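A.B. asks: One structure coming up, written as structure tokens, with questions to follow.
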Amino acid sequence: METTSHSAFTRAEWARLRSSVPMPLVESDLEALRATGEPLSMAEVEEVFLPLTRLINLHVNATRTMARVADDFVGRPAARRPYVVAVAGSVAVGKSTVARLLRTLLSLWPDHPRVDLVATDGFIYPTKELQARGLMQRKGYPESYDVRRMIRFLSDIRTAGEASLPVYSHQAYDALPDVLQTVSHPDILIFEGLNVLQLGSAAEGKPTPTHTATDFFDLTIYVDAEPADIEQWYIRRFMLLKATAFQNPASYFHHLAAISDDEAQAFAIKLWQTINLPNLQENILPTRPRADVVVHKRADHAADQVLLRRF
């Protein structure tokens, strides 16, 4: 649907914007990029994501030109600054797959071969801190993130080209102690997470933050779907994990591996309805209008519409 801020494209209309961008991937490449229980077809790449990478490439070149103009104006040496793409959306909507796919596709463009990917899970407070603050049931909500550290990371990437963040383990359901992911001078950084488009607000008794994460992004993407569809994907993924990853004794959720499928499904529905759906409605979905690109998915996970902000 057309809005005052975005132009709407059907899948067929958007696919025509691919122009002459070649298809660089084969089926085995997609197999490595797919998430648990999430389909990803060659047609999806060709019709939705190759046009998107063309848009990003054009935007990267324009941004670099503007940066050179600013450098020339103030008489400083030209600096090659990382271009930052944010990918937002609900739990289970497929934003991590989109981020991985974009990283792969963009790294194949000849003028920006170094593309790094960072997930904001690494900025969630450690479990001990969440427990001390009474936030374990609000993990993934804005207050569960170390926003100050996230902003410092983005600022360092912008100014110095290098920064580090904790590595998050989905198996341990926590950050790994003393393990860091270091990002060093990427051409493009893809920054993916639930909370990346939230403007943020001051905590009680603390000053309003000078910057928010959105201040550091060059292009923002929101992966969208109807909440009822996302709920089904979430439950389906949970059941697949119960049969696979949760079987590992090292998994935080290993205690769920032995319960019945009916009990597991009921547990997944409760998690969705009491934690993930309220977070989507209260904190994530309201950020959608701020995205430069909105990719909307049907119930079968295939994109059917793309909204593009009128730059």
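No value in this document is a laboratory result; all are computed from the given coordinates. Model, not experiment: these values are computed from the prediction. All Cβ positions, even for glycine, are placed from backbone atoms using ideal geometry, and neighbour counts span all protein chains on display.
A.B. asks: Considering LEU25, LEU58, LEU40, which residue is of a type outside the set (D, E, K, R) and part of a helix (DSSP H, G or I)?
C.D. replies: Just one listed residue meets the conditions, LEU58.
A.B. asks: Within region 111-170, how many residues turn out to be in contact with a Ser or Thr (Cβ under 6 Å, 6 or more places away or on another chain) and within 24 Å of HIS185 (Cβ to Cβ)?
C.D. replies: Summing the residues that are in contact with a Ser or Thr (Cβ under 6 Å, 6 or more places away or on another chain) and within 24 Å of HIS185 (Cβ to Cβ) in region 111-170 gives 4.
A.B. asks: Still on this structure, please answer the following. What pairs come up if the first residue lies in region 91-111 and is more than 21 Å from VAL60 (Cα to Cα), the second is among the basic types (Lys, Arg) and part of a loop (DSSP other than H, G, I, E, B), and their beta carbons are under 9 Å apart, counting only those six or more places apart or on different chains?
C.D. replies: Once the first residue is more than 21 Å from VAL60 (Cα to Cα) and sits in region 91-111, its partners that are among the basic types (Lys, Arg) and part of a loop (DSSP other than H, G, I, E, B) give THR97/ARG34.
A.B. asks: Somewhere in region 97-109, is a residue over 26 Å from TRP233 (Cβ atoms) and not in a loop (DSSP other than H, G, I, E, B)?
C.D. replies: yes
Residue-by-condition table, conditions (1) among the hydrophobic types (A, V, I, L, M, F, W, C); (2) out of contact with any strand residue (DSSP E or B) (no Cβ under 6 Å at 6 or more places or on another chain):
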residue	(1), (2)
VAL91	yes, yes
ASP121	no, no
TYR125	no, yes
LEU135	yes, yes
SER144	no, no
ILE151	yes, yes
ALA160	yes, yes
SER169	no, no
LEU194	yes, yes
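A.B. asks: Assess whether SER155 counts as being surrounded by fewer than 18 Cβ atoms within 10 Å (Cβ to Cβ), over 24 Å from ASN276 (Cα atoms) and touching a residue at least 24 places away in the same chain (Cβ under 8 Å).
C.D. replies: yes
A.B. asks: Let me ask something else. If we keep just the residues of region 5-53 that are within 21 Å of the chain's Cα centre (by Cα) and among the hydroxyl-bearing types (Ser, Thr, Tyr), which is surrounded by the most Cβ atoms within 10 Å (Cβ to Cβ)?
C.D. replies: That would be THR53.
A.B. asks: Determine which member of the set TYR234, TYR252 is of a type in the set (Ser, Thr, Tyr) and touching a strand residue (DSSP E or B) at 6+ places or on another chain (Cβ under 9 Å).
C.D. replies: Criteria check complete, one pass: TYR252.
A.B. asks: Name the single residue that is nearest to ALA160 (Cα to Cα) among those in region 240-253 being in contact with a helix residue (DSSP H, G or I) (Cβ under 6 Å, 6 or more places away or on another chain) and in a helix (DSSP H, G or I).
C.D. replies: So, considering only residues that are in contact with a helix residue (DSSP H, G or I) (Cβ under 6 Å, 6 or more places away or on another chain) and in a helix (DSSP H, G or I), the one nearest to ALA160 (Cα to Cα) is PHE246.
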